[in-house]
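Notes for the one structure printed next.
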Amino acid sequence: MASVTTIKRVYRDAISLDEVYHNTSGLVRAVLSYASPVRYDDSFFNELFPSKTIKNAPSIISQLAYYGEIAVGTLKANLVTNDNTMGKPPGIHIESLCVLPAYRNKSIGTKLLNYIEEQSTKLHQRNIYVYIPIDDEDTQQWYSKRGFEKHKGVVTNHLMTKTGSTDCFLYIKKL
């Protein structure tokens, strides 16, 4: 009588997220310089590491996305509370969510966005928002498909893009 052996294959998710550390901050800079239409100054990169605010909650949320072992995406968001709004709505402000063009359509951006939604829930925030350049229709469509709505009119002189545009739209998702 022949015995049948069943082999169980374990598949590892090719997409993983990890914190941004001092020794990986250069990867964030490389991804953004190649794939983002927005220009970021040095202060943006100096703020990448989680800091603590009221009740030890992080005020900066940052992640690197890996496909296999290659850094292909990055995320930086800021917790905006009633105490530090500076004209911004309270909630989670996505400052950057970017994936290298060759790795788009592999759910990497969605995984980064899901991470932000999980953090928003943990931090008791109901709004996630992002400013998108007015000439970046692909990004506007991407966020719209994921439940974000365009809010009011054009926000002028808010971003500095590589194309020279400084105007943007505010997109908000209510959780």
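Every number in this text was worked out from the coordinates using simple rules, so none of it is lab data. This is a predicted model, so every value here is computed, not measured. As a convention, Cβ positions derive from the backbone with ideal geometry for all residues, glycine included, and neighbour counts pool all protein chains shown.
In this label model, T110 and Y34 are separated by 2.3 nm, measuring between points 7 Å along each Cα→Cβ vector.
What FRET efficiency comes out for R146 versus D41 if R0 is 25 angstrom and r is the Cβ-Cβ distance? Round to the nearest 0.05.
0.35
Give me the extension gain from V154 to R126: residue separation times 0.36 nm, minus the current Cα-Cα distance, reported in nm with one decimal.
Working: separation 28, 0.36 × 28 = 10.08 nm, distance 2.29 nm.
Computed gain between V154 and R126 is 7.8 nm.
Full extension from L17 to I134: what is 0.36 nm times the residue separation minus their Cα-Cα distance, to one decimal in nm? Don't skip to the end; give the middle numbers.
Details: separation 117, 0.36 × 117 = 42.12 nm, distance 2.90 nm.
Length gained between L17 and I134: 39.2 nm.
With +1 assigned to the C-beta of every Lys and Arg and -1 to the C-beta of every Asp and Glu, and no other charges, what is the dipole magnitude of the range 15-130 about the Cα centre in debye, to the nearest 20? All intermediate terms of the calculation are to be shown ahead of the outcome.
Values: 11 positive and 10 negative charges, 49 e Å.
Computed about the Cα centre, the dipole is about 240 debye.
Inverting the mean 1/r over all pairs of different Cα atoms, compute the Kirkwood radius of the range 15-130 and quote it in Å. This gives a value of 14.4 Å.
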